[in-house]
Amino acid sequence: MNYLNELKNKNIIVLGLGVSGLSTVRFLVGQNISFKLVDSRTSPPGRDEVHKLTGLETYFGDLAQAQLDAADLIIISPGIALTTPAVASAAQAGVEIIGDIELFARISDKPVFAVTGSNGKSSVVTLLRDVLVASGKKVALAGNIGTPVLDVVDHDVDCFVLELSSFQLETTYSLKSVASCVLNVSEDHMDRYDSFEHYAQTKRRIYCGAELCVYNAEDAQTKPENAQRLVSFGGETGQYHIDNFAGTEHFIYGSETQLACSELKVLGRHNQINALSVMALLHHQNIPKNAFLTAFNQFTGLAHRCQIVEEIDGVSYVNDSKATNVGAAIAAIASIAKGKNIVLIAGGVGKGADFSPLTPYITEHVKHVITLGQDGPHIAELFAGEYVSSMAEAVECAKMAASAGDIVLLAPACASLDMYANFMTRGDDFAALVKQECIS
């Protein structure tokens, strides 16, 4: 950690008091490294905790007055765009700007497995961690999944499994990984990027410094350029794929059967493809088959991701509130539909996304669309849907539209921040309202 000694002689600003910003503050204080904390909000969350730290210089307010240009180094929260005028000005003045992932990369030499993608990241890194643990490894799971990486950088572990967002990758330059993967790329955060290609390129930054690059053979945007060691996965194509063997579907590498798909206990084709990506990420790690069996059998999936809430009068109610973009909503519909049997609840903050890729899936599998939230009227107009003003009204309308054998699916294709604190709160509200219907 020699880099930490260098930091003691730098003029450092920690910019943004979000989850990663607060983690960076705790880490630098613990290392006796002085810095100034800056946030554009006059009363940011975490301010009370920060005020308990004696001698910490802070500035809360207009970034134009924060003297960012005077810093040697800015450690920026991922939620703050590099195009923010005061940040762009500092970069132009020669100030180095990094995130907490880059700081981690400069001070840790433990093996890293890194995963990004528009959808499925959290499920994949959790299953990857579980397989590694089942093989006897001590593993720290961190990054975009919720635990800031600097909170665990000093832990006694054999390796790190990191979920990385495009925002985090924007300020990551020197991460070395044993294996890195882009699971998929679909439109998301178009309010932050110049184009879809710009967004996809940012995702592919994860391959820089990777010993093994893992990509989705069925998504051209995930394929790295000029990589030396590649391995691919995909439902039907790719080196790791799914095929029929002895009458049942199996996970297969090349022509070699690995495990029966039934060993993975969570449902849905998208979960099977997630499992393939995990196998591909561990391609060179000599993980015993037993470890995969144990982890696949015990993995029950993550909350708010195609989670069955209840079955009422033959209708299944499924919470996929984590489907905060169009690609995730498509994956949910395609994975659980059986014919045209879905009543879809969608809407929220669309983040500038194009909803038209949903059209063939809605045409083939969705019998009724119910929308709510900021972009609800637009989605309702596109798909001849029914716009409602609340989740309670959406659940009630879905109940009336569904028949035995149908699935009421909450897959919003949008962020939640117009109506809820986060996608978890949205999913919890949906689940609570469904359970009320169950006992009413």
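One table, with the values for the structure above:
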item	result
First in region 417-430 and closer than 13 Å to G373 by Cβ, second anywhere and among the polar types (S, T, N, Q) and part of a loop (DSSP other than H, G, I, E, B), Cβ under 6 Å, 6 or more apart	D418/Q374; F423/S321; F423/T324; F423/S416; R426/S321; R426/S416
Residues that are free of Cβ contacts under 8 Å to residues at least 60 places away in the same chain, open to solvent by 10 Å² or more (accessible area, probe 1.4 Å), at negative phi and part of a loop (DSSP other than H, G, I, E, B), drawn from region 17-35	Q31, S34, F35
Among (1) over 19 Å from C438 (Cα atoms); (2) in a strand (DSSP E or B); (3) open to solvent by 20 Å² or more (accessible area, probe 1.4 Å), the one test that Q374 misses	(2)
Members of region 346-371 that are part of a helix (DSSP H, G or I) and either farther than 22 Å from S118 by Cβ or open to solvent by less than 10 Å² (accessible area, probe 1.4 Å) (or both)	L358, T363
Scan of region 50-68 for residues that are open to solvent by 80 Å² or more (accessible area, probe 1.4 Å) and on the phi < 0 side of the Ramachandran plot, ordered by number	H51, K52, T54, E57, D62, Q65
Residues of region 180-206 that turn out to be open to solvent by 60 Å² or more (accessible area, probe 1.4 Å), touching a residue at least 24 places away in the same chain (Cβ under 8 Å) and under 10 Å from S166 (Cα atoms), as a count	1
Residues located in region 36-48, provided they are at pLDDT below 90 and either acidic (D, E) or in a strand (DSSP E or B) (or both)	D48
Residue list for region 108-149, filter: polar (S, T, N, Q) and either within 10 Å of the chain's Cα centre (by Cα) or buried (at least 24 other Cβ atoms within 10 Å of the Cβ) (or both)	T116, S118, N119, S122, S123, N144
Meets criteria (hydrophobic (A, V, I, L, M, F, W, C) and at pLDDT 95 or above) for L267	no
Enumeration of residues in region 359-374 that are more than 13 Å from I345 (Cβ to Cβ) and under 26 Å from the mean Cα position of the chain (by Cα)	T359, P360, Y361, H365, Q374
Cβ-Cβ under 6 Å pairs, at least 6 apart or on other chains, region 251-266 side more than 13 Å from V131 (Cβ to Cβ), far side assigned to a helix (DSSP H, G or I) and open to solvent by 50 Å² or more (accessible area, probe 1.4 Å)	K265/N297
Wholly within region 232-345, helices (runs of 4 or more DSSP H) carrying at least 3 residues that are surrounded by fewer than 21 Cβ atoms within 10 Å (Cβ to Cβ) and touching a helix residue (DSSP H, G or I) at 6+ places or on another chain (Cβ under 7 Å)	289-298
Selection within region 144-174 - in a loop (DSSP other than H, G, I, E, B), in contact with a Lys or Arg (Cβ under 6 Å, 6 or more places away or on another chain) and either hydroxyl-bearing (S, T, Y) or closer than 30 Å to H189 by Cα (or both)	none
Selected residue (only one of Y199, Y207, Y193 is under 22 Å from G18 (Cα atoms), out of contact with any His (no Cβ under 6 Å at 6 or more places or on another chain) and of a type in the set (F, W, Y))	Y193
Total residues in region 153-164, condition surrounded by fewer than 22 Cβ atoms within 10 Å (Cβ to Cβ) and either modelled with pLDDT under 95 or under 12 Å from I101 (Cα atoms) (or both)	1
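Here's the yes/no breakdown for (1) polar (S, T, N, Q); (2) more than 19 Å from R305 (Cα to Cα); (3) touching a residue at least 12 places away in the same chain (Cβ under 8 Å):
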| site | (1), (2), (3) |
| --- | --- |
| I330 | no, no, yes |
| A346 | no, no, yes |
| P360 | no, yes, no |
| G385 | no, yes, yes |
| A392 | no, yes, yes |
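The values are calculated or read from the model by the stated rules, or taken from the named source; none is laboratory data. What you are looking at is a predicted structure, and each value in this text was computed from that prediction instead of being measured. Cβ coordinates were reconstructed from backbone atoms using ideal geometry, including for glycine residues, and neighbour counts include every protein chain displayed. When the accessible area is computed, the model is the full protein with side chains, heavy atoms only, and any ligands, DNA or RNA have been set aside. Shrake-Rupley method; radii C 1.70, N 1.55, O 1.52, S 1.80 Å.
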